[in-house]
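Okay, so here's the structure we're looking at.
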Amino acid sequence: MYAQERINPYNKKGEKKNLVEAMFDNIAPTYDTLNHRLSLNIDKLWRKKSIGIIEPYKPETILDVASGTGDMAILAAEKTSAKKIIGADISDGMLEIGRKKVEQKNLSNTIEFRQEDCLSLSFQDNTFDAVIAAFGIRNFANLEKGLSEMYRVMKKGGHLSIVELTRPVTFPMRQLFSIYSHTILPFYGRLLSKDKGAYSYLTSTIEAFPQGETMVEVLRKTGFSEACFKRMTFGICTLYFAEK
């Protein structure tokens, strides 16, 4: 078991996936605003980098795991030639916001959202040319199981692109990020979302999540090949890439 798997929202007992679903349903209305403001809009650049790494392979079918409010799926529709993109997430509250954004952008013919347990996806083996994920897999109750499902539904020769928040490893960014994530992030998160525990939980998962070389080893353990990573913005975010 990886450290972040033992961390539950609100420090409550119970099945993690149910607690995570309830938390994201609760913060869904303010999630996008907080993401952009707390990252100074740099999160948009991170997503573009993640999509950019799979774009040359011209995937026709893409699965966006832990899709949330659909920003990653929408970007994939705009930046790739994919004919079908499915966004899967456990929180229907988040997906409902995504559906409205997709409708506004006239992308309903390309993007579909489904409420899914990402540890037990309903899709058949070898379905997608590419699997993407942004800022969501650290909430998995079982990281290896979630990654194994992503591997299972990906076609042979397919590509994986994950972008995830991480702890900087060098001075002084490591220290500055620690101060920011323990003070400004939870305070501002509580202020806008009215949720007292959500952003403290999210900070804890960032710190506990395996990163860099460790995460690459997890990807290899679950079957992926050519796994590699690239730290971005002084290590605040990390991009992972792998093949099947």
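Across the stretch 188-198, rounded Karplus estimates of 3J(HN,Hα) from the backbone phi angles (6.51 cos²θ - 1.76 cosθ + 1.60, θ = phi - 60°) give 5, x, 5, 4, 8, 8, 6, 10, 6, x, 4 Hz, Gly and Pro being marked x. Loop exposure criterion: GluC sites (Glu not before Pro), DSSP state outside H, G, I, E and B, at most 16 other Cβ atoms within 10 Å. Applied to the chain, the longest stretch between such sites is 61-244. Of the residues Lys244, Lys230, ranked by 1.4 Å probe accessible area with the largest first, the sequence reads Lys230, Lys244. At a probe radius of 1.4 angstrom, the accessible area of the chain per residue rounds to 46 square angstrom.
Relative intensity of the chain on a log10 scale, I(q)/I(0) at q = 0.11, 0.12, 0.16, 0.18 Å⁻¹, equals -0.52, -0.63, -1.20, -1.57, per a Debye sum over C-alpha point scatterers of equal strength in the absence of solvent. When only the Cβ of Lys, Arg, Asp and Glu is charged (+1, +1, -1, -1), the dipole of the chain relative to its Cα centre reaches about 460 debye.
Restricting the trypsin sites (Lys or Arg not before Pro) of the stretch 1-60 to loop positions (DSSP other than H, G, I, E, B) with no more than 13 neighbouring Cβ atoms within 10 Å leaves Lys12, Lys13. Note on the chain: dipole from Cβ charges, positive end direction compared against Ser122, Ile162, Ser193; the farthest Cα belongs to Ser193. When the trypsin sites (Lys or Arg not before Pro) in the stretch 118-197 are filtered for DSSP coil states and for at most 16 other beta-carbon atoms within 10 Å of their beta-carbon, the remaining sites are Lys194, Lys196. With the cut-off at 29 Å, tell me which of the pairs Lys12/Lys44; Lys79/Lys100; Lys83/Lys221; Lys101/Lys221; Lys16/Lys105; Lys12/Lys145 have Cα atoms farther apart than that. Flagged as over cut-off: Lys12/Lys44; Lys83/Lys221; Lys101/Lys221; Lys16/Lys105.
Please say if the stretch 44-137 is rounded, prolate or oblate, where rounded means a/c under 1.5 for a ≥ b ≥ c the square roots of the C-alpha gyration tensor eigenvalues, and otherwise the choice is prolate for a/b larger than b/c and oblate otherwise? Rounded, because the longest to shortest axis ratio a/c is under 1.5.
Per-residue Karplus couplings for the stretch 171-181, computed as 6.51 cos²θ - 1.76 cosθ + 1.60 with θ equal to phi - 60°, are listed in order as 6, x, 4, 4, 5, 5, 5, 4, 5, 4, 6 Hz, Gly and Pro entered as x. Here the contact order of the stretch 124-176, divided by its residue count and restricted to Cα pairs under 8 Å and six or more residues apart, works out to 49 percent.
What is the magnitude of the charge dipole of the stretch 106-205 about its Cα centre, with +1 placed on the Cβ of each Lys and Arg, -1 on the Cβ of each Asp and Glu, and no other charges, expressed in debye to the nearest 20? Here the stretch 106-205 has a charge dipole of around 380 debye.
Amide H contacts under 5 Å for Phe128: Met154, Lys155, restricted to partners 5 or more places along the chain or on a different chain, H placed in the peptide plane at 1.01 Å from N. Projecting the Cα atoms of Phe234, Thr214, Ala3 onto the charge dipole of the chain, computed from C-beta unit charges around the Cα centre, puts Phe234 farthest toward the positive end. Normalised by the residues of the stretch 91-157, what does the relative contact order come to in percent, with Cα pairs under 8 Å and at least six apart? It rounds to 34 percent for the stretch 91-157.
Its DSSP H runs of at least 4 residues, each contributing -39,500 (n - 2.57), put the calculated 222 nm mean residue ellipticity of the chain at -13000 deg cm²/dmol, to the nearest 500.
Given Cβ point charges of +1 (Lys, Arg) and -1 (Asp, Glu) and nothing else, what value in debye, to the nearest 20, does the dipole of the stretch 7-53 about its Cα centre take? Charge dipole, the stretch 7-53, about its Cα centre: 200 debye, nearest 20.
Entry note, the chain: relative contact order of 22 percent, from Cα contacts under 8 Å with a spacing of 6+ residues. Protein heavy-atom surface of the stretch 103-244, 1.4 angstrom probe: 52% of the accessible area is carbon and sulfur, with nucleic acids and ligands not counted.
The values are calculated or read from the model by the stated rules, or taken from the named source; none is laboratory data. This structure is a prediction, so every number in the text was calculated from the model and none was measured. Glycine also receives a Cβ, built like all others from the backbone with ideal geometry; neighbour counts cover every protein chain displayed. In case anyone asks, the SASA skips ligands and DNA or RNA and just uses the protein heavy atoms, side chains included. Shrake-Rupley method; radii C 1.70, N 1.55, O 1.52, S 1.80 Å.
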